[in-house]
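Below: the structure, in structure tokens.
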Amino acid sequence: MKNWFFCLMISVLSVAHAQAPDSVPDAIAKERAALSVRRDTVLAEFETRSQECWQKFAVNNCIDKARRVRRTEIEPIRQAELALNEQERQWRTQQRNERLQQKQGEGAVKP
């Protein structure tokens, strides 16, 4: 589980450096889609486990365990989503600054 998280974080952080500026949003969208699929898988597994709990005598204990597993599996996904959000904010800030510099350059040329 932890290896998956570290591999995901490395791929998220390397997206901006390996891609051209125009393809950064596409790479971020692909990463978000992969994270969404992983999140849906974890939630489906939780639903299955919680449904199985109702067949047992100690329902509350079983559901608590299922919730703990869900939290531990969701946390790396959440951290990766936060890293993607930060990367997207940085990219948008960079794009905004470039547009402002272009406008300032155009304004300096025109008297």
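The values are calculated or read from the model by the stated rules, or taken from the named source; none is laboratory data. None of the values given here were measured: they were computed from a predicted structure. Don't worry about glycine lacking a Cβ; one is built from the backbone with ideal geometry, like all the others, and counts go over all protein chains shown.
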Point to revise | Given (1) modelled with pLDDT under 60; (2) over 16 Å from residue 85 (Cβ atoms); (3) surrounded by 10 or more Cβ atoms within 10 Å (Cβ to Cβ), index of the condition residue 9 fails | key: (2)
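Conditions tested, residue by residue: (1) surrounded by 12 or more Cβ atoms within 10 Å (Cβ to Cβ); (2) of a type outside the set (Val, Ile, Thr); (3) out of contact with any Pro (no Cβ under 8 Å at 6 or more places or on another chain).
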| site | (1), (2), (3) |
| --- | --- |
| 54 | no, yes, yes |
| 58 | no, yes, yes |
| 79 | yes, yes, yes |
| 87 | yes, yes, yes |
| 93 | no, no, yes |
| 98 | no, yes, yes |
| 105 | no, yes, yes |
Point to revise | Top-ranked residue in region 24-46 [being surrounded by 12 or more Cβ atoms within 10 Å (Cβ to Cβ) and acidic (Asp, Glu); ranked as nearest to residue 85 (Cα to Cα)] | key: 31
